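Take a look at the structure set out below.
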Amino acid sequence: MSEIVLPSVEIHPGREADASVIWLHGLGADGHDFAPITSQLGLPAELAVRFVFPHAPAIPVTLNGGMVMPAWYDIVSLDSRGHDEEGVARSSRQVSALIEREIERGVPSERIILGGFSMGGAIALHAGLRYPERLAGIMGLSCYLLRAESLDDEASATNAETPVLLCHGSQDPMVPVQLGEAARATIEGRGNPTEWHDYPIPHSVSLPELEDIGAWLRARLA
C-alpha cells in the first residue's frame, strides 16, 4: 500500500466485519460528522458492517478566501473547471488505500461500499467508478460528478454495472440539484444501475434520506 492511510473514525460490528462502508465527509467537516447516523440506518447486526469515516487533510481552500480547513481538494470556483485536479487525484489514491486496507483486513472488495456527502460524495463517485476491483456499491449524497468528460476513458470496466445511489436536496443552495441530476444522467447513460432520490431539504441529510440509504445498503449487502 503506497499511499498513507488517512486517520478515520471507525464503528465496528459486534463480530468480525463481513462488509465495510467507507463514508467521506463534506468540506470543512471531519470523520465525526456522519458517525452518529449509523444507528439510524436500520442495518441488522448479522450484516456485520464496519463503518470507516476518514478525516480529509486540512488545506487552503481558494473559494473560501484561502482558509485552511479539511477538504478533499481545493475549489477555485463552482464551475466544472474550478476543481484542483491534483487534489482530486491525491484523494482518489487515498480512498484506494482505504479500500485496500479493508481488503487486507478480510473484507473482499465486492463487500465494500464507497460513499460520501458533498465534495466527499464527488470523490466517492470519481474514485469508485474508476476503481479497478468490483465494489458492492457507490453512494453520492448532495454532490456532483468531477471530470465527467474523462469518465468514458478512465472508468473501470469492472465497476461498469456497480449499483449507484444518488440523493439530493431539491432546495440545496450550495450544490444545486441540477448538478446531481446531471451526474445521474451521465452515470445512468453508462449503464450503472442508478437509484435517485430527492428531498425538500437544503444542503443536508434528512431522516427519510437516511431510511432510503439504509434500505439501499441492506439490498447491496444482504
### Message
Can you go through 91, 142 and tell me which one is within 21 Å of residue 177 (Cβ to Cβ), of a type in the set (Ser, Thr, Tyr) and crowded, with 24+ Cβ neighbours inside 10 Å?
### Response
142
### Message
Among the residues of the stretch 127-140, are any in a helix (DSSP H, G or I), of a type in the set (A, V, I, L, M), in contact with a Leu (Cβ under 6 Å, 6 or more places away or on another chain) and closer than 18 Å to residue 75 by Cα?
### Response
no
### Residue list for the stretch 101-132, restricted to those being in contact with a strand residue (DSSP E or B) (Cβ under 9 Å, 6 or more places away or on another chain) and among the acidic types (Asp, Glu)
102
### Query
Out of (1) surrounded by 16 or more Cβ atoms within 10 Å (Cβ to Cβ); (2) in contact (Cβ under 8 Å) with a residue 40 or more places away in the chain, the odd one out for residue 84 is which?
(2)
### Message
Residues to consider are 171, 178; find the one that is modelled with pLDDT of 95 or more and over 29 Å from residue 39 (Cβ atoms).
### Response
178
### Query
Which of the residues spanning the stretch 118-136 are crowded, with 23+ Cβ neighbours inside 10 Å and among the hydrophobic types (A, V, I, L, M, F, W, C)?
119, 122, 123, 124, 125, 127, 129, 135
### Message
Can you pull out every residue in the stretch 131-160 that is more than 17 Å from the chain's Cα centre (by Cα) and either within 22 Å of residue 198 (Cβ to Cβ) or of a type in the set (D, E, K, R) (or both)?
### Response
149, 152, 153, 154
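Evaluate the stretch 145-168: report whether one residue or more is among the β-branched types (Val, Ile, Thr), in a helix (DSSP H, G or I) and in contact with a Pro (Cβ under 8 Å, 6 or more places away or on another chain).
For the stretch 145-168, residues among the β-branched types (Val, Ile, Thr), in a helix (DSSP H, G or I) and in contact with a Pro (Cβ under 8 Å, 6 or more places away or on another chain): present.
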### Message
Looking only at the stretch 94-153, filter to residues that are hydroxyl-bearing (Ser, Thr, Tyr) and touching a residue at least 40 places away in the same chain (Cβ under 8 Å); which one of those is nearest to residue 33 (Cα to Cα)?
### Response
118
### Message
I need a count of the residues in the stretch 42-59 that are without any contact (Cβ under 8 Å) to a residue 60 or more places away in the chain and part of a helix (DSSP H, G or I).
### Response
2
### Summary
Residue set 215, 183; condition under 15 Å from residue 166 (Cβ atoms), of a type in the set (Gly, Ala, Ser) and touching a Gly at 6+ places or on another chain (Cβ under 7 Å); output residue 183
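For the stretch 63-78, give me each residue that is surrounded by 14 or more Cβ atoms within 10 Å (Cβ to Cβ), in a loop (DSSP other than H, G, I, E, B) and either among the aromatic types (Phe, Trp, Tyr) or more than 22 Å from the chain's Cα centre (by Cα) (or both).
72, 73
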### Message
Condition (residue is surrounded by fewer than 17 Cβ atoms within 10 Å (Cβ to Cβ) and in contact with a strand residue (DSSP E or B) (Cβ under 6 Å, 6 or more places away or on another chain)) applied to the stretch 49-61: is it met by at least one residue?
### Response
yes
### Message
Exactly one condition in (1) of a type in the set (A, V, I, L, M, F, W, C); (2) outside any helix (DSSP H, G or I); (3) more than 16 Å from residue 92 (Cα to Cα) is false for residue 37; which is it?
### Response
(2)
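Of the residues that sit in the stretch 178-222 and are among the β-branched types (Val, Ile, Thr) and without any contact (Cβ under 8 Å) to a residue 40 or more places away in the chain, which one is surrounded by the fewest Cβ atoms within 10 Å (Cβ to Cβ)? Quick ask: steps written out before the conclusion?
Of the residues in the stretch 178-222, the ones among the β-branched types (Val, Ile, Thr) are 186-187, 194, 201, 205, 213.
Of the ones still in play, those that are also without any contact (Cβ under 8 Å) to a residue 40 or more places away in the chain are 194, 201.
Values: 194: 19, 201: 17.
Within the stretch 178-222, the match that is surrounded by the fewest Cβ atoms within 10 Å (Cβ to Cβ) is 201.
The values are calculated or read from the model by the stated rules, or taken from the named source; none is laboratory data. Remember, it's a predicted structure, so these values are computed and weren't measured experimentally. Please note: Cβ atoms are built from the backbone with ideal geometry, for glycine as well, and neighbour counts cover all protein chains shown.
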